[in-house]
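Below: one structure, written as structure tokens.
The values are calculated or read from the model by the stated rules, or taken from the named source; none is laboratory data. Not measured: the values here are computed from a predicted model. Heads up, the Cβs are rebuilt from the backbone with ideal geometry, glycines too, and the neighbour counts pull from every protein chain shown. The area values use the complete protein model at the heavy-atom level, side chains included, leaving out ligands, DNA and RNA. Shrake-Rupley method; radii C 1.70, N 1.55, O 1.52, S 1.80 Å.
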Amino acid sequence: MTYTQEQLEQFKSTFALRRRRQWIAVVPALLAAVLIGTANEATGKTLGGVPLSYALPAAFVAIIGVLLFSLKNWRCPACDGYLGKAISPRFCARCGTPLQ
């Protein structure tokens with residue numbers, strides 16, 4: 001499909017916003033992964049004052065939430081196709097629209 005210059009600029013600004021949100025979403029996912037990775041019986045029954053029985057399920061829920069958010073957020077502004085694993089694609093692999 002052919003887009004006007006205005007549409008292409010709008011796609012680029014929308015992509016920049018989505019990429020910024022994607023980076024922000026990585027922080028809770030990393031914290032949750034560290035929480036899950038460091039939690040064991042040697043650290044005691046609490047982690048930062050929170051019982052492991054609450055902290056670990058909350059960490060799993062946070063990771064699932066970030067994954068669901070990513071599936072919704074990380075889409076091409078032009079064709080709504082999933083952008084894949086790359087954090088900074090130059091163009092959409094599905095429709096070819098330039099993103100940067």
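If one takes the longest principal axis of the Cα atoms in the chain, at what angle in degrees, from 0 to 90 and to the nearest 10, does the Cα axis of helix 5-38 lie?
10
If you count, for each residue, the other Cβ atoms within 10 Å and average over each peptide, how do 54-65, 74-85 line up from highest to lowest?
Details: 54-65: 14.5, 74-85: 16.1.
For the peptides 54-65, 74-85, the packing ranking is 74-85, 54-65.
Roughly how many percent of the accessible protein surface of the chain is carbon and sulfur, given a 1.4 Å probe and a whole-percent answer? Could you put the intermediate results ahead of the total?
Values: 4450 of 6790 Å².
C and S atoms contribute 66 percent here.
By how many degrees, 0 to 90 and rounded to 10, does the Cα axis of helix 52-73 deviate from the longest principal axis of the chain?
Tilt relative to the chain: about 0 degrees.
At most 14 other Cβ atoms within 10 Å and a DSSP loop assignment: could you name the chymotrypsin sites (Phe, Trp or Tyr not before Pro) in segment 1-41 that fit?
Those satisfying the criteria are Tyr3.
Quick one: divide the alpha-carbon radius of gyration of the chain by 2.2 N^0.38 Å and tell me what you get.
In units of the globular-protein estimate, the chain measures up at 1.45.
For n ≥ 4 DSSP H runs only, could you compute -39500 (n - 2.57) per run for the chain, divide by its residues and tell me the 222 nm figure to the nearest 500? Walk me through the intermediate numbers first.
Numbers: 2 runs with 56 residues, N = 100.
After summing the helix terms and dividing by the residues of the chain, the value is -20000 deg cm²/dmol.
Which FRET efficiency value, to the nearest 0.05, is calculated for Thr4 and Lys85 with the Förster distance at 35 angstrom and r the Cβ-Cβ distance?
0.70
Sticking with the crude label model, points 7 Å out along Cα→Cβ, report the distance from Arg94 to Trp23 in nm, one decimal please.
2.4
Ignoring ligands, DNA and RNA, what accessible area per residue does the chain give at 1.4 Å, in Å²?
I get 68 Å² per residue for this part.
Can you give me the long-range amide H partners of Phe91? Hydrogens built in the peptide plane at 1.01 Å from N, cutoff under 5 Å, separation of 5 or more residues or another chain.
When sequence neighbours closer than 5 places are left aside, the close amide H contacts are Leu99.
Run the quick spin-label model on Thr14 and Leu71: label points 7 Å from Cα toward the beta carbon, then report their separation in nm to one decimal.
About 2.1 nm separates the two model spin labels.
What percent do you get for the relative contact order of the chain when only Cα pairs under 8 Å and 6+ apart count?
32
Please compute the length gained on full extension between Leu30 and Ala58, using 0.36 nm multiplied by the number of residues separating them and subtracting their Cα-Cα distance.
Fully extending the segment from Leu30 to Ala58 adds 8.8 nm.
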